[in-house]
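This report concerns only the one structure given below.
The values are calculated or read from the model by the stated rules, or taken from the named source; none is laboratory data. Here the structure is a predicted model, which is why all the values come from computation and not from measurement. Reconstructed Cβ throughout: ideal geometry from the backbone, glycine too, with neighbour counts over all protein chains shown. Just so you know, the surface numbers come from the protein's heavy atoms only, side chains and all, with ligands and any DNA or RNA stripped out. Shrake-Rupley method; radii C 1.70, N 1.55, O 1.52, S 1.80 Å.
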Amino acid sequence: MSDAPLIRLSGITKTYGRGQAALQALKGIDLVVEAGDFVAIMGPSGSGKSTAMNILGCLDTPTRGSYEFQGVRVEQLSRNQRALLRRHYLGFVFQGFNLLARTTALENVELPLIYRGEPSAARHAAARAALAQVGLQGWEHHSPGELSGGQQQRVAIARAIVTRPAVLLADEPTGNLDTRNSQEIMGLISAFNRDNGITVLMVTHEPDMAAYARRVIRFVDGRVDSDRRNGEAA
Amino acid sequence: MLWNTLLLALRAIRRNLMRSILTILGIVIGVAAVITMVTLGNGATRSVSDQISSMGSNLLMVAPGQRFGPGSEGAPNFKSADVEAIRDQLTAAAGVAPVVSKTATAVYQARNWSTVVNGSTNDYFQAGNWELASGRSFSETEERAGKAVCVIGETVREKLFGRQNPVGSEIRIKQFACEVIGLLKAKGQSAMGSDQDDTVVMPLRTVQRRLTGSQDINRVTVSVKEGASIDAVKAQLTQLLRERRNIGENEEDDFRVMDTRQIAETLTGTTRILTMLLGAVAAVSLLVGGIGIMNIMLVSVTERTREIGIRLAIGALEREVLLQFLIEAVVLSSLGGLIGIALATGASIALAGMMGIPYLFDPGINLLSFLFSAAIGVIFGYFPARRAAGLNPIDALRHE
Ligand SMILES: Nc1ncnc2c1ncn2[C@@H]1O[C@H](COP(=O)(O)OP(=O)(O)OP(=O)(O)O)[C@@H](O)[C@H]1O
Ligand SMILES: [Mg+2]
């Protein structure tokens, strides 16, 4: 068990639709991610980055291929077991924020802890701490409608990391932000990776953001086009 | 898990306050309408049957003509001999009261009041379930001699004497003075809606001699002995009258014998139909409320599907999401149901008081409406959620 990598994708394909309208978004992805790594996924629009992230986050199922998480074959798990895998090991930051509307930042961040069955005192403390970590102290009782895009993105990140997941999956976490905000968010994510040992997989379009990662994977047309470590020659 | 899910359900209710209130309102209106209508209908039925039993049970009423009331002019009235024959031959009769009625104005000092004067015997009080509030009924001499004495109803007392005790006073009816010897206990409205207490009762002879000027008898009330078969007595009475009135084999009766049970059945049947009609109208409003709820739920399906997607993505189990929606639906619809029941109880008590009918709590209709409202809530709140919770999280999130 211990010698298995954190994540191993082998021959993952994903086809949307069927017959004439079928579209193969992923055409065979092989990928190994070790625990503690910080991986940036880049590539042109429509190259299948989000599709791959959704499969990695157990939000979607691949058409073919195998996905092993800590040596466990994910496609052999039941719906409930996959939900428990998400609950206990994964944190997801969506391309859109996907916060609950008309619900305060605090309650949004608390949500994963409620499903984990944390007692309310511990839950509140952890949620407040997570919000403070993303710089939202004092904004606990604002709902998404009362927060800026950058602030909503921070709430989404706080919700993803409040459970101290093994893996943080972030789909364009800085996609809607200006440079300064982006830098701050990337700083936060790097800190989680460095200080809390959270493995990070992040989709981004911007080379500046990818520069924070230790490893950069390029997707082109549903395949891995290149896979290199930052600092290595391109 | 249950506790946490309850917390989530309550948060969802608070989060969508307007939607929650509208849902509750839909149920409240429907439930309150159904319960109020049915409760009032039941009260009306009860009040009618109460009035019927105040008429006295085991009663046969004989009147000339085929129908009661006006339209019986063609058929001849009864004679004293008919009454005697009934008394002699109908062994199962406990009391036989011949009645002559005439509208007349009663005067006391400066006050006058138009009322119905009934001429009869003491059997009249027994058969009609009348009790005396004060004074006495007729003596044998008074009956035989046709003395000018009378027993008056509560309405007549009120109109002529106010709160004063009328017993011993003299009132004038038409041209003659008449001593009030008794006051009847109030009975209220009759099942047909007329005021039973608006009456003056005198010995039969007195009315025949001084008011109608004929020996005719308008109707006969026969009370049947306890334990005797009403149907048998009725048949016997009909046969007797047919003979006395010389009705041929193939001719129709020119009189009618009604028994109180029959009247009661007709009247309660009518009110029961009315209750059912009211209930049906109210059920439509419950249905409309349900459609309103369905509308609200369908409008919010997109948002709620995305919400379910978020919850699933965060690690909620399908059954946790479903339980949350189920709790939410049950809380909203039972709250609506309870408020509806409370409202209906208040409205029914108030309206029953205004209409002068008794308030009867009907556990059946309360339970039924409550269960129906709960079912509506669960069907429209829970089933859309069931579909969404079965999706891949990402498909629920992408729902448009
Ligand atoms: N639910 C879906 N149904 C059908 N086709 C889909 C669906 N989701 C994605 N696709 C298609 O799959 C391909 C890959 O989409 P994906 O969202 O993975 O791209 P991406 O690399 O994340 O792009 P972007 O950088 O614009 O976010 C696209 O051609 C897209 O049209
Ligand atoms: Mg994408």
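Gain on full extension, evaluated as 0.36 nm per residue between residue B:239 and residue B:216 minus their Cα-Cα distance, stands at 6.2 nm.
Projected onto its three principal axes, the C-alpha set of the stretch B:279-400 covers 63, 22, 17 Å, listed from the longest axis down. Selection among B:178, B:139, B:238 by position relative to the dipole of the stretch B:135-259 gives B:178 as farthest towards the positive end (Cβ unit charges, Cα centre). Using the rule -39500 (n - 2.57) for each DSSP H run of four or more residues, divided by the residues of chain B, the 222 nm mean residue ellipticity is -19000 deg cm²/dmol.
Compared with the direct C-alpha span, the chain from residue B:277 to residue B:246 gains 6.6 nm at full extension, assuming 0.36 nm per residue.
Report the rotationally averaged projected area of the stretch A:1-79 based on its alpha-carbon convex hull, in square nanometres. Please list the in-between numbers first.
Values: hull surface 23.8 nm².
Computed as one quarter of the Cα hull surface, the answer is 6.0 nm².
In summary, the lysines within cross-link reach of residue B:234, defined as a Cα separation below 29 angstrom excluding same-chain residues under 8 places away, comprise B:79, B:102, B:187, B:225.
Calculated FRET efficiency, residue A:20 and residue A:132, Cβ-Cβ r, R0 45 Å, to nearest 0.05?
Once the sixth-power term is evaluated, E becomes 0.30.
Of the residues B:326, B:37, B:356, the one whose Cα sits farthest towards the positive end of the charge dipole of chain B is B:326 (charges of +1 on Lys and Arg Cβ, -1 on Asp and Glu Cβ, taken about the Cα centre). Residues whose amide H lies under 5 Å from that of residue A:213, counting only those 5 or more places away or on a different chain, are absent; hydrogens are built 1.01 Å from N in the peptide plane. From the square roots a ≥ b ≥ c of the eigenvalues of the alpha-carbon gyration tensor of the stretch A:73-120, which class results: rounded (a/c under 1.5), prolate (a/b over b/c), or oblate? The shape class here is oblate.
Computed from the Cβ-Cβ distance with R0 of 25 Å, the FRET efficiency linking residue A:10 to residue B:386 stands at 0.10. Note that the protein assembly as shown shows a convex hull volume over its alpha carbon atoms of 255 Å³ per residue.
So with the 1.4 Å probe, I'd like the accessible area per residue for the protein assembly as shown, rounded to whole Å². Walk me through the intermediate numbers first.
Working: 28730 Å² over 634 residues.
Accessible surface, normalised per residue, equals 45 Å².
For q values of 0.10, 0.14, 0.15 Å⁻¹, compute log₁₀ I(q)/I(0) with the Debye formula on a Cα-only model of chain A, without solvent. Those come out to -0.46, -0.91, -1.04, one per q. Taking label points 7 Å from Cα along the Cα-to-Cβ direction, residue B:111 and residue A:229 give a separation of 11.6 nm.
Between residue A:141 and residue B:190, the simple label model (points 7 Å from Cα in the Cβ direction) yields a spacing of 7.2 nm.
Counting only residues at least eight positions apart within a chain, or on another chain, the aspartates and glutamates with an alpha carbon under 20 Å from that of residue B:147 are B:123, B:170, B:179, B:216.
Taking 41 Å as R0, compute the FRET efficiency from the Cβ-Cβ separation of residue B:371 and residue B:270 and round it to 0.05.
Details: r = 29 Å, r/R0 = 0.72.
My answer for the efficiency is 0.90.
Which value, in nm² and rounded to one decimal, describes the direction-averaged projected area of the C-alpha convex hull of chain B? List each step's numbers first, then the result.
Numbers: hull surface 115.5 nm².
That works out to 28.9 nm².
What full-extension length gain, to one decimal in nm, is calculated for residue B:254 and residue B:398 as 0.36 nm per residue of separation minus the Cα-Cα distance? Gain on stretching residue B:254 to residue B:398: 43.5 nm. Within the protein assembly as shown, antiparallel bridges make up roughly 70 percent of the DSSP beta bridges whose residues both belong there. Each principal axis of the Cα atoms in the stretch B:164-204 has its own extent, and those three values, largest first, are 32, 22, 17 angstrom. Taking 7 Å steps out from each Cα toward its Cβ at residue B:145 and residue A:195 produces label points 12.0 nm apart. Taking only the C-alpha atoms of the stretch B:76-253, Rg followed by Dmax gives 17.3, 57 Å.
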